[in-house]
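The values are calculated or read from the model by the stated rules, or taken from the named source; none is laboratory data. Everything quoted here is computed from the prediction, not taken from an experiment. We place every Cβ from the backbone using ideal geometry, glycine too, and count neighbours over all the protein chains shown.
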């Protein structure tokens, strides 16, 4: 991956976070029902010490989520020349994964669209690209977590 591709992938991850944060902040500010719809019962790592949050969000989650949803699920379809179907299915499993891990339905919908971006990056740049995009996205979340200390 050359510098241009690296910057493109990282920028895509950052833009996903900015759009995601803007949308969810708007929803939380303007709709009383949004809190439950976004946070659900809360993911397990939210109540952990900051060092656990940072490690999980920046290292663990991007690796295993990209491994499962792009490298395994989406790749099953890519090898059959059904990339678009793989993009759709892997985005659904990515959203469902977040919902099952405690996030609300609105966050799951949000993760579906982010999964489309990560999957598109995967189709063009492979696992390394989607992982890097995911790390950039989550890196913004880590910056937010650290800014709250």
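Pairs only if they're at least six apart or on different chains, beta carbon under 8 angstrom, first in the range 14-29 and at negative phi and free of Cβ contacts under 8 Å to residues at least 40 places away in the same chain, second exposed (fewer than 14 other Cβ atoms within 10 Å of the Cβ) and in a helix (DSSP H, G or I); list them, first residue then second.
Pairs that qualify, where the first residue is at negative phi and free of Cβ contacts under 8 Å to residues at least 40 places away in the same chain and the partner is exposed (fewer than 14 other Cβ atoms within 10 Å of the Cβ) and in a helix (DSSP H, G or I), are 28/35.
When the range 47-72 is examined, which residues are found to be more than 19 Å from residue 140 (Cβ to Cβ) and in a helix (DSSP H, G or I)?
Across the range 47-72, the qualifying residues are 47, 64, 67, 68, 69, 70, 71, 72.
Restricting to the range 19-49, name every residue that is surrounded by 14 or more Cβ atoms within 10 Å (Cβ to Cβ) and within 15 Å of residue 100 (Cβ to Cβ).
Answer for the range 19-49, where residues must be surrounded by 14 or more Cβ atoms within 10 Å (Cβ to Cβ) and within 15 Å of residue 100 (Cβ to Cβ): 39, 40, 43, 45.
Any idea how many residues of the range 85-105 are touching a residue at least 60 places away in the same chain (Cβ under 8 Å) and either surrounded by 22 or more Cβ atoms within 10 Å (Cβ to Cβ) or farther than 19 Å from residue 24 by Cα (or both)?
Of the residues in that region, 1 qualify.
Which of (1) more than 15 Å from residue 120 (Cα to Cα); (2) more than 16 Å from the chain's Cα centre (by Cα); (3) part of a helix (DSSP H, G or I) is the odd one out, the single condition residue 80 does not satisfy?
(3)
Mind listing whichever residues of the range 33-51 are farther than 20 Å from residue 20 by Cα and either more than 18 Å from the chain's Cα centre (by Cα) or modelled with pLDDT of 95 or more (or both)?
47, 48, 49, 50, 51
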